[in-house]
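The values are calculated or read from the model by the stated rules, or taken from the named source; none is laboratory data. Note that the structure is predicted; figures quoted are calculated from it, not measured. Neighbour counts are summed over all protein chains in view; Cβ atoms, including those assigned to glycine, are modelled from backbone coordinates with ideal geometry.
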Amino acid sequence: MNFYGIRAIYRFEMARTFRTLLESVAAPVLTTSLYFIVFGKAIGGRMGDIDSIGYGAYIIPGLVMLSLLNESISNASFGIYMPKWAGTIYELLSAPVSWIEVLIGYVGAAATKSVMLGLLILATARFFVPYQIAHPAWMIGFLLLTAVTFSLFGFIIGLWADNFQKLQVIPMLIVTPLTFLGGAFYSISMLPPIWQKISLFNPVVYLISAFRWSFYGVADVDVVMSITMTFGFLIVCLTFVWWVFKSGYKIRR
């Protein structure tokens, strides 16, 4: 294992984040704070509890997950797309690093940034809504698993995209709508029976449900099923990345 190569990629990606703190950190935190103000205070004060949890506190896991998914995908996809766009991807491919080492460097940095942002949003939420974390170890575990999985998914998007517009297509048209429809702002048990069944085909439902369980001990779907689904998606993404580097699809011309 070439740890020097991994560290070089990781440090380069982390340095890029600290050069763009306004876009990488301040903007997502400010956006999420507005959600807390509008939904947690203005609207939440007019709504009843959900599963004996105040509405403002109930939506915290969903808001963290919304930011986590978007930032994980964005960080990883942009990180690997830039070498392709600049033409330096060939230097990376010719360097004495394997595909798994490249993956660890880029995905590790993207996941680190996403977890840092998620924890910062949780700290910011304290200024707006009181909440408790029933299972802090599980919360950190779900945070890490989700960040790694969707950073890996973002890495795939970065490999697939051949222009800047394509970097935004899947996050904007697929991931964000699925997050809003995945129980970020409500419990799927509040939906009519037919829509509850349809919601189970939304993979984000399992992520938000498991993450909310780590806070309050309540979940819309079985926690074991949520973990299984997430690991299954992780394995699919790993297999695809291995095939891309083996075949040279989208990275060799």
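Within segment 119-136, identify whether any single residue is among the aliphatic types (A, V, I, L, M) and within 18 Å of Val204 (Cβ to Cβ), and answer yes or no. Yes, there is a match, as at least one residue in segment 119-136 is among the aliphatic types (A, V, I, L, M) and within 18 Å of Val204 (Cβ to Cβ).
Listed conditions (1) out of contact with any helix residue (DSSP H, G or I) (no Cβ under 7 Å at 6 or more places or on another chain); (2) under 17 Å from Leu66 (Cβ atoms); (3) modelled with pLDDT of 75 or more are all met by Arg7, apart from (2). So, Leu68, is that one surrounded by 19 or more Cβ atoms within 10 Å (Cβ to Cβ), part of a helix (DSSP H, G or I) and out of contact with any Lys or Arg (no Cβ under 8 Å at 6 or more places or on another chain) or not? Answer is yes for this residue.
With respect to the conditions (1) touching a Gly at 6+ places or on another chain (Cβ under 8 Å); (2) under 17 Å from Asp51 (Cα atoms); (3) not hydrophobic (A, V, I, L, M, F, W, C), Tyr216 lacks only one, and its number is (1).
Considering segment 183-225, the residues that are free of Cβ contacts under 8 Å to residues at least 40 places away in the same chain and within 17 Å of the chain's Cα centre (by Cα) include one that is nearest to Ile140 (Cα to Cα), namely Ser209.
Among Leu119, Leu103, Leu63, which is farther than 13 Å from Ile9 by Cβ and touching a residue at least 40 places away in the same chain (Cβ under 8 Å)?
Numbers: Leu119 fails: touching a residue at least 40 places away in the same chain (Cβ under 8 Å); Leu103 fails: farther than 13 Å from Ile9 by Cβ.
Among Leu119, Leu103, Leu63, only Leu63 is farther than 13 Å from Ile9 by Cβ and touching a residue at least 40 places away in the same chain (Cβ under 8 Å).
Out of all the residues in segment 200-218, which are small (Gly, Ala, Ser) and either closer than 14 Å to Ile133 by Cβ or touching a His at 6+ places or on another chain (Cβ under 8 Å) (or both)? Residues satisfying the conditions are Ala210, Ser214, Gly217.
Remark: pairs (first residue in segment 128-143, in contact (Cβ under 8 Å) with a residue 40 or more places away in the chain; second residue surrounded by 15 or more Cβ atoms within 10 Å (Cβ to Cβ) and in a loop (DSSP other than H, G, I, E, B); Cβ separation under 6 Å; 6+ apart in sequence or on different chains) = Met139/Ile133. Picking from residues in segment 78-97 that are surrounded by 14 or more Cβ atoms within 10 Å (Cβ to Cβ) and not in a helix (DSSP H, G or I), the one that is modelled with the highest pLDDT is Val97.
Yes or no: Ala111 on the phi < 0 side of the Ramachandran plot, out of contact with any strand residue (DSSP E or B) (no Cβ under 8 Å at 6 or more places or on another chain) and without any contact (Cβ under 8 Å) to a residue 40 or more places away in the chain?
no
Where residues in segment 154-213 are among the charged types (D, E, K, R) and under 30 Å from Gly54 (Cα atoms), which of them is surrounded by the fewest Cβ atoms within 10 Å (Cβ to Cβ)?
The initial filter retains those residues of segment 154-213 that are among the charged types (D, E, K, R), namely 162, 166, 197, 212.
Next, from what is left, pick out any that are under 30 Å from Gly54 (Cα atoms): 197, 212.
Values: Lys197: 11, Arg212: 27.
My answer is Lys197.
Among all residues of segment 130-144, there is at least one that is surrounded by fewer than 16 Cβ atoms within 10 Å (Cβ to Cβ), among the small types (Gly, Ala, Ser), under 18 Å from Ile60 (Cβ atoms) and under 17 Å from the mean Cα position of the chain (by Cα).
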